[in-house]
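The values are calculated or read from the model by the stated rules, or taken from the named source; none is laboratory data. Please read all numbers here as calculations on a predicted model, not as lab measurements. Every residue, glycine as well, gets a Cβ built from its backbone with ideal geometry; the counts of neighbours run over all protein chains shown. Areas reflect the complete protein model, heavy atoms only, side chains present, ligands, DNA and RNA absent. Shrake-Rupley method; radii C 1.70, N 1.55, O 1.52, S 1.80 Å.
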Amino acid sequence: MTTPGTWQKSSFSGGGEGNACIELAAISTTLHLRESDDPTTVLITTPTPLAHLLHGIRAGALTTPLA
């Protein structure tokens, strides 16, 4: 597996150099996502499923289960 060399920080992550952000890197046809406080765990996907997830989030289709 190829390891991304350049990670891009989400614009929604807030300012500063804190560890509360999502980072994304693109390699060929895949997208790699990681949380900055656990950079060794990487989620690998392609643009279409990620676009569907983001659409669902924006549309309010995702709910949080009751505790």
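Here are a few things to note about the model shown:
- Looking only at the stretch 20-52, residues that are in contact with a strand residue (DSSP E or B) (Cβ under 8 Å, 6 or more places away or on another chain) and either of a type in the set (D, E, K, R) or on the phi > 0 side of the Ramachandran plot (or both) come to 3 in all.
- Checking each residue in the stretch 23-41 for being within 10 Å of the chain's Cα centre (by Cα) and free of Cβ contacts under 8 Å to residues at least 24 places away in the same chain picks out GLU23, LEU24, ALA25, LEU31, LEU33, GLU35.
- Conditions (1) over 21 Å from THR6 (Cα atoms); (2) open to solvent by less than 100 Å² (accessible area, probe 1.4 Å): number failed by ARG58: (2)
- The stretch 1-55, subset in a helix (DSSP H, G or I) and open to solvent by 80 Å² or more (accessible area, probe 1.4 Å), residue modelled with the highest pLDDT: THR48
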